[in-house]
Amino acid sequence: MGRWAEQQVAGWGRYPSTTALVARPETRRDIEAAFKDREGSPVLAQGMRRSYGDAALLKGCRVIDFTHINRMLSFDEHEGWLRCEAGVTIAEIVDVFLERGWFPPVVPGTKYVTVAGALASDIHGKNHHVAGSWSDHVRRVELLTANGEVVTCDRATNSDLFWATAGGQGLTGMILAMDVRLGRVRSSTTASDADQVPMIDVETIRVPDLATFLQVSAASHQREYTVGWVDGTARGRGTGRGVLMRGDWSAAPRRAVRRRAARASMARYLGSGWLINSATIKSFNTFYYRRHIRRATARTVDADRFFFPLDAVQGWNVLYGKRGFLQYQFVVPPGGGGDRVAAILEAIASSGIAASLGVIKEFGERAHGGLSFPAPGITVALDFPNTGTRLLDLLDRLDDAVASAGGRVYLAKDARLGRESFRRMYPDWSRWKEVRDAADPDQVFQSDLGRRLGLVGDAS
Ligand SMILES: Cc1cc2nc3c(=O)[nH]c(=O)nc-3n(C[C@H](O)[C@H](O)[C@H](O)COP(=O)(O)OP(=O)(O)OC[C@H]3O[C@@H](n4cnc5c(N)ncnc54)[C@H](O)[C@@H]3O)c2cc1C
């Protein structure tokens, strides 16, 4: 024993919260020893716990935290292939490689996620329309499997396991290391330009409704990064109003602006002792929309500001109070001129439960099946303060609308989806489970999300 410590654990939404025995290995040998010494308990790998709900939780069992397994092992300067351990974070990759002209192929809205968490959720970013998701840029994974063996998976060897692991939420085994291909950043900055890092040229366009958002988004497909902020409280003609940002790496080298002076206006707005609830959400959303008085602006900003604005507000998730919050992210296929998304946004806005400023993005064509989330269509992510049954009832209704529209919700953000809705949304689930069960017949790898959705154990 000794290596396992009981801990209260929760995801980023702080709902639900549970206890587990957690080990924090520092070497591969420690991982293997912890795995052997789990006394027959089910086990789960955990990264930075930036998944929102219960994907990284396993109540009353054993959890292995990979955040100290974070060595970069090799880098191919010509092709951009980085071999690194599972717990290396996107923040660490950016710190080391951006000034050398390389950037992770896909980044989420926070840089505090591990590469293993990125693969286990098959994350998407602002460049999904041109770059697909994380797994599109991984060629090889080392996985500790249920029988204690380490296997290598890629597109040719153990390919079923490779694809089941991409988006598989930690349920196929423990990722030890991977090869991920970094993207070359278009910029004239070179490694010898001290103090200079590549920047992003960004245009910000205010959009009064969803139809305009879709028009501007369609006209921006050749841009490397696009994303919108959507006001989830706006209704009627204003449904889908917000701000669309589109950006490309700047060709001009710039001196890096240190972040402190530029901290997001949101940080100032939030202030101290401020709690997020329906009234404050509505006023913040309106403030944010009106702040963009001019229809369009253009600036050059640093990568942190463009990709990870929320990271500037440390620990913002606690602003939702003790009960935490839930994020609801869905994608629905295109078609109907955005009617399905508009109907869902309208249902949210008229429910009386305020969703804080959300993210909206048009995904590209690439999709991987299994439990991987991204699929062609429009994705929207909205945060809701946890108001209990009223909110859960609303989200159940939204599940039905999303599933009926041929869409799905993102498991990395989920804390409450029911089995039946899940199966409608992820029709490939039973094939995924066959691959998982073949690799783990004794159901060694489990999670609270996996149990809830019938992904582990008896599927009935
Ligand atoms: C502010 C914010 C913005 C975000 N924006 C986006 C976004 O734009 N796009 C997007 O796709 N996601 C986004 N996310 C979600 C986030 O990218 C994913 O939840 C990601 O999986 C978190 O990685 P993590 O290291 O924190 O993993 P955790 O949350 O700790 O774990 C997530 C899953 O990965 C598994 N896992 C972790 N380590 C291993 C391992 N070594 N082996 C096997 N499985 C493992 C866990 O079991 C769990 O199922 C955002 C999250 C936050 C908080």
Stretched fully, the stretch from Asn277 through Gln7 gains (0.36 nm per residue minus C-alpha distance, one decimal, in nm) 94.3 nm
Take every Cα pair under 8 Å in the chain that's 6+ residues apart, average their separations, divide by the length, and report that relative contact order as a whole percent.
-> 18 percent
Residue-span extension gain [Glu434 to Thr389] - 0.36 nm each, minus C-alpha spacing = 12.8 nm
Projected onto the charge dipole of the chain (unit charges on the beta-carbon of Lys, Arg, Asp and Glu, signs +1, +1, -1, -1), the Cα from Ser356, Tyr328, Gly125 with the largest positive-side position is that of Ser356
In debye, nearest 20, what is the charge dipole magnitude of the chain about its Cα centre with +1 on Lys and Arg Cβ and -1 on Asp and Glu Cβ, if you could check?
-> 1760 debye
Segment 357-460 accessible area per residue, 1.4 Å probe, protein heavy atoms, integer Å², reads 36 Å²
Could you work out how far apart the two model spin labels at Arg155 and Glu32 are, taking each label as a point 7 Å from the Cα in the direction of the beta carbon, and quote it in nm?
-> 3.1 nm
Would you please classify the overall shape of segment 196-417 from the alpha carbon gyration tensor, given that a ≥ b ≥ c denote the square roots of the eigenvalues, rounded means a/c under 1.5, and beyond that prolate means a/b larger than b/c while oblate covers the rest?
-> oblate
Could you order Trp229, Trp249 by accessible surface area, starting with the largest, using a probe radius of 1.4 Å?
-> Trp229, Trp249
Ranked highest first by average number of other Cβ atoms within 10 Å, how do 373-383, 31-41 line up?
-> 373-383, 31-41
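Using a 1.4 Å probe and counting only protein heavy atoms, arrange Ser217, Ser51 so the residue with the most accessible area comes first.
Largest to smallest exposure gives the sequence Ser51, Ser217.
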Out of Pro108, Gly167, Ala86, whose Cα points farthest toward the positive end of the dipole of segment 72-184 (charges: +1 Lys, Arg; -1 Asp, Glu; placed on Cβ)?
-> Pro108
List, in the order given, every pair from Lys59/Lys433; Lys322/Lys433; Lys282/Lys413 whose Cα-Cα distance in the structure shown is over 28 Å.
-> Lys322/Lys433
With all protein chains in place and a 1.4 Å probe, Thr239 shows an accessible area in Å² (nearest 10) of 10 Å²
Using a 1.4 Å probe over the heavy atoms of the protein chains, calculate the carbon and sulfur portion of the accessible area of the chain as a whole percent.
-> 49 percent
Would you calculate the volume per residue, in Å³, of the smallest convex hull containing every Cα atom of the chain?
-> 140 Å³
Charge dipole magnitude, Cβ of K and R +1, D and E -1 - segment 196-417, Cα centre, debye nearest 20 | 980 debye
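The values are calculated or read from the model by the stated rules, or taken from the named source; none is laboratory data. Since the model is a prediction, treat every value here as computed from it, not as a measurement. Quick reminder, even Gly has a Cβ in these numbers, built from the backbone with ideal geometry, and neighbours come from all protein chains shown. With ligands, DNA and RNA removed, areas are computed over all heavy atoms of the protein, side chains included. Shrake-Rupley method; radii C 1.70, N 1.55, O 1.52, S 1.80 Å.
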